[in-house]
Amino acid sequence: MKLSLFIAQRYLLAKKSHNLINIITWISVISVGVAAFAMIFVLSVFNGFNVVISDSIHKFSPDLRVTAVKGKTVNLREFPFDKIKNVKNVDYVLPTITEDALFRNAEKQQIGQVKGVPDEYENIDRINGTMLGNKGFRLHRDEVNFGTPGTGMAYFLGINPNRPYTVVQVYVPRRGNASSFNIENSFNTGQLYVNQCFSTQQEVDDKLILAPFRWLSDLMDYDSLSSDVEVFISANGNNATRKTSAAKKEIRKILGPEYKVDDQYEQQATLYKMMKSEKLAVYLILTFILIMATFNVTGSLSMLIIEKKKDTGTLRAMGADKNLIHNIFLNEGTLISIVGGIIGLLSGIVAVLLQQYVGIIRLGDGTGSYIVDYYPVALKLTDIIVVFVTISVIGGIAAWTTARLAMSKMCPED
């Protein structure tokens, strides 16, 4: 162990001649620990909400979405469905139509989107998992076409899914007719029967109704056309991202530059960027609080330097140079920050694990209709490393500055 570090360790643990310095030193340790605890816990809460949102996106979004680079539609006669179905880990390759629409139920109406999906959607487990009730996802029965709204859209239209066969009128823009504002001339009209709802992201729930693909294609005069093609990958667990990336790369080779292939992150790029920006903003705010906490370190180190002035003179008489004395107090200040940081990190990790596996802090009073009952948390090794490095750097800078200024006054010459 270096001499400067050994002496600094002794100064930290040994009892000082003035009890106030002991108190201030441990207040410094605790303040840094509290800041470290707050950083790791709050960042873990953000991670938890990101996981919840990502899971909601994954349940209702395709793993890959193919759209045309030019134009609004995909020509299904020219699209290489067979080649893409033969790509490893691809389960479904399904054309879909998404269009803005006006919905009306009795006296209530709402603008949103209607999405036409093929019958294979009924067989996708994660889509079925978003459906409320025990009826199962159905697009049609005999000649009856079913529409499945999100819970938000159902609320806006006054739909009770427990009341069977509520009829919703659907108005979609008529292709090639932009000259008339008359609703009869500008829109094609159809009707859907509603007997269930789905629940996923609020943004989706508030605006979307699922409908049969063929019904919507006929309503919009989409002859062998679709808005996009959705690809579902049989990838679960830790290898899901790797399998999806491999399939995406292969599909891009098959389709060429005429089509764009987006994974779930790219489909929701704005949302993911916003979540990253929010987490970064919170990290910067907590870092500022940590900087405020290091003022205690500066104060305790300054008082320690004054108390050890006699020891400093003894060391100088024994041949210690200015750098050794500077390093003693530099290590002392850094040790205060690191010890406090370790205490805070360990406490934060324990608190996060308790929240994750036991559930201590609830969302609301427990009576609200939340996706999760407790604040979601997710501990990441990268966050632990970033917080520890941040504490070490800020504590080191504060200690270096304080020791440098003090030594310039106490030991002006070498």
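If all Cα-Cα distances of region 25-65 are sorted into 10 Å bins from 0 onward, what percent lands in each bin, rounded to whole numbers?
26, 27, 20, 15, 9, 3
Report the Stokes-Einstein translational diffusion coefficient (µm² s⁻¹, integer) for region 62-168, Rh taken as the Kirkwood radius over Cα pairs, at 37 °C with viscosity 0.692 mPa s.
The estimated diffusion coefficient comes to 202 µm²/s.
Can you flag which of K59/K83; K70/K273; K70/K135; K248/K273 are past 30 Å Cα-Cα?
K70/K135
Every number in this text was worked out from the coordinates using simple rules, so none of it is lab data. Just so you know, these numbers come straight off a predicted model, no measurement behind them.
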